Every structure is written in structure tokens, then in C-alpha cells.
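Structure first, then comments.
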Amino acid sequence: KDAENFEAYAPFIAEGWLKAVFAEAKITNGIGDPERWTSLLSPAAFQALKERVDLEFDPAHRAAPGGDGKPAANAEQFGINDPVKLRLHVKNVPKLIVKVFELNPLNHYLEHGSELSTDVSLDGLVANHERTVEYDDAPVRRVARDFEFPEIGKQRGVWVVEFIGGGRSSRAVIRKGRLEALTRIMSRGVVVSVLDEAHQPVKGAAVWFGGRRIACDGNGRTPVPFTNDPGERTMVLEDGA
């Protein structure tokens with residue numbers, strides 16, 4: 001978007017495609033004379049660009065800086081005490097609805113035996129928090145918007161943040177903290193130790209295995225007995241809260 005022209009890329013990329021992408025980068029970022037860039041597009045291509053709706057998250061990085069040299073806006077992981085912030089690129093969305101759902105991960109894990117993802121069903125759930133924001137940007141402008149979520153507190157859990165606008169929606173699954181297991185084979189079975197995100201034993205923890213809940217001792221440990229029906233099983237860890 002900051003280049004004077006696309007000559008540096010011309011030897012490697014088809015000119016028709018490159019010209020259109022160059023024009024789009026200038027137009028959506030509001031750089032220079034829009035008529036100059038519009039002339040590089042066909043009327044149909046410009047109309048399609050104008051009508052396009054974008055609700056796209058900024059790429060997440062662990063520690064790498066963003067394109068401007070600053071830390072990337074979207075973290076890949078959140079600690080329990082970390083504030084939750086998300087950067088979303090918004091285009092042609094005059095009204096944006098932001099919903100925050102706090103999920104019950106234990107129920108999901110016990111029922112499905114799989115990790116929570118953005119395609120989790122929210123049918124029948126009422127958002128714990130909801131807000132609406134309005135924008136008056138030109139339909140061709142693509143703007144990076146930063147959102148903060150103080151309602152996602154300093155506790156272990158899983159939330160879904162959903163952005164809805166312009167006939168589209170985008171979701172992010174926010175996980176704060178995590179549980180881990182250490183296992184050791186002994187004569188009476190497998191001893192499981194439940195650890196928190198700081199690798200410390202979790203008091204009041206429990207292990208769900210084979211359809212039953214096995215409480216841990218004060219050090220977050222419990223034996224899981226061997227079975228006469230060998231095979232793979234999903235183990236669910238619970239922190240007691």
C-alpha cells in the first residue's frame with residue numbers, strides 16, 4: 001500500500017492481476033487520488049470492490065511485530081490476567097454488532113470429546129454482553145478497528161466473540177488459561193497430575209474418564225485404573241470450579 005508503483009513485482013506477477021491488487025490497496029487504504037487508482041480497474045471490478053464486505057481479523061502472532069514494527073494486535077494466546085483486545089479490518093459495514101458469549105467448556109468436552117472451535121453452535125444461547133457500533137466510512141475504505149473486552153475477566157475459561165455486520169459474521173474463540181496433565185504408569189494404573197497454566201498442581205481438580213468423574217487429592221493427583229477393554233479414550237480435566 002505504500003509503494004509508488006508496482007514495478008518491483010512486475011517481473012514475477014501477471015500485470016492484469018497485479019494492477020488490480022495495486023489499485024485495491026490504494027483505494028481501500030484511502031491513499032492518493034482515488035480517480036487515478038479507479039482508472040486501473042474495470043467498472044465491474046470497481047463496483048465489486050465497492051460492494052465487498054470485509055470483517056477480517058488481523059493475523060495473530062506470538063511475539064512477532066506487526067507490519068508497522070509494533071506488536072501484533074491479535075495475540076495467539078491469552079494468560080489469565082491478560083486483557084483481551086482484538087483488531088478487526090472492517091469495510092462497508094455501517095452497523096456492527098459485537099457479542100460476547102461465555103461458554104461452559106466442561107459440558108462441551110464431555111459431550112463431544114473435542115476442542116472448542118469457531119464453529120461451535122450458539123443456538124439458544126443469549127450473549128452475556130452485546131454492543132452496537134456505527135461507522136460512516138466510505139464503502140471502499142477498509143479500516144483497522146481495535147476492540148477491548150473488559151467483560152472477559154481474569155479467570156480461566158472460554159469465550160466466543162462474534163462480530164456481525166453487512167450480512168457477514170466473524171468469530172474468535174478466546175481461551176484464558178489452560179489445564180495440563182502429567183501421567184505416570186504404576187502398578188495400579190496411570191497416575192494423572194492436573195497442572196494449571198503455571199505448571200502448578202490444581203487443588204480440587206478432577207479427571208473425567210470412561211464416563212465417570214475421578215476426584216484428585218490435594219496435590220491434583222489421582223490414579224486412573226487399568227481397563228480390560230484397551231483402546232484410545234478422551235480424558236477431560238476439570239479445575240473444580
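Laid out as a table, the results:
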quantity	calculated
Percent carbon-and-sulfur accessible area, the range 105-241, ignoring ligands, DNA and RNA, probe 1.4 Å	47 percent
Within straight-line cross-link reach of LYS91, lysines at Cα separation under 27 Å, skipping those fewer than 8 residues along the same chain	LYS1, LYS19, LYS26, LYS50, LYS70, LYS99
Chain lengthening between ASP82 and TRP208 when straightened (0.36 nm per residue, less Cα-Cα)	42.5 nm
Three-way shape label, the range 1-44, alpha-carbon gyration tensor, a/c 1.5	oblate
Gain in span if fully extended, LEU182 to GLU111, counting 0.36 nm per residue against the direct Cα distance	23.2 nm
Fluctuation leader among ASN228, ASN74, ASN29 - the chain, Gaussian network, Cα springs under 10 angstrom	ASN228
Length released on extending from ALA127 to VAL191, taking residue separation times 0.36 nm less the Cα-Cα span	19.1 nm
Options VAL192, GLN47, GLY153, ranked by Cα towards positive dipole end of the chain, top entry (Cβ charges)	VAL192
Relative contact order of the range 73-227, pairs being alpha-carbon contacts under 8 Å that are 6 or more residues apart, as %	23 percent
Rounded to the nearest 20 debye, dipole of the range 179-241 from Cβ charges on Lys, Arg, Asp, Glu	280 debye
About the Cα centre, charge dipole magnitude for the range 105-176 (Lys/Arg +1, Asp/Glu -1 at Cβ), debye	280 debye
Solvent exposure of the chain as accessible area per residue, Å², 1.4 Å probe	62 Å²
Value of [θ]222 nm, deg cm²/dmol, for the chain, DSSP H segments ≥ 4, -39500 (n - 2.57) each, nearest 500	-4000 deg cm²/dmol
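The values are calculated or read from the model by the stated rules, or taken from the named source; none is laboratory data. Predicted model only: the values in this text are computed from it and were never measured. Glycine also receives a Cβ, built like all others from the backbone with ideal geometry; neighbour counts cover every protein chain displayed. Only protein heavy atoms, including side chains, enter the accessible area calculation; ligands, DNA and RNA are left aside. Shrake-Rupley method; radii C 1.70, N 1.55, O 1.52, S 1.80 Å.
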